[in-house]
Amino acid sequence: MRLYIMALLCICLFATAAAATEADDLALAVADAQKANQGAITKYSWEVKTELFMEDVSKATSISECRFNSEGKLESTVIGGESSTEKKRGVRGHRQEKKMEDFAAYLEGVLEHSFQYIFMSKGTLVDVFDRAKIAETEKSIDVSAGDLFVKGDVLSMSVDPATKLATGLTFKTTLGEDTIQGTVSMKMLENGPGTPGHIEIEIPTQKIKITSETYDWTKQK
């Protein structure tokens, strides 16, 4: 289970990274704003609570502390957590361990597939905006595009017109026979950058849900 927990920490850090024609200019503005915002985030430390649900029952919880070191690399330390899975002994224990390893590998694949919608390069952003439906109001720029990475997938993103930072992102996609849907909600720190608040990735076909919440954002001295 450790693999998916550690991988999801990256989502908590980079979820804002989603977000010439007018669409190209807007995509570049969003990418540039995000780059500046990301630089501001490196000055903070924060905690993340990640929880795995199966059939609406909590199966594992992890609490990690995250910060950037002096070299600009993300460091995360697990400081708490629990699992409701009782470890078995002997042959049954080995079978259980193998099953858990296979399940962790499956979840890792789900997250890697999800990252495509959450971690987008500047070039990918331009492609998305070029084919997207864009609706602009005084309060929000709403972007929606489909058939990005697999046929039938959909990505929707809301951007603040003033800051050009993403305020929320949702996507729906497939991996093999499974449907995957994700939601990222952003929050603004007081006098600080925009940060990911709540993240949820759900696999309805498997009755699996992974949630992540960031909190205790503290500016490092």
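We did not get these values from a lab; they are worked out from the coordinates using the rules stated. None of these values were measured; they are calculated from a predicted model. When we count neighbours, we look across all protein chains shown, and the Cβ atoms used for this are built from the backbone with ideal geometry, even at glycine.
Structure notes:
- The simple Förster model, with R0 at 35 Å and r as the Cβ-Cβ distance, assigns residue 207 and residue 137 a FRET efficiency of 0.40.
- With both labels modelled 7 Å from their Cα along Cα-to-Cβ, the residue 59 to residue 147 distance reads 3.6 nm.
- For segment 149-221, the list of GluC sites (Glu not before Pro) that fall in a loop by DSSP and count at most 13 other C-beta atoms within 10 angstrom reads 177, 190.
- Label point distance in nm, residue 42-residue 190, each placed 7 Å from Cα along Cα→Cβ: 2.7 nm
- Annotation note: GluC sites (Glu not before Pro) in segment 32-66 located in DSSP loop regions with a Cβ neighbour count of at most 11 within 10 Å are 55.
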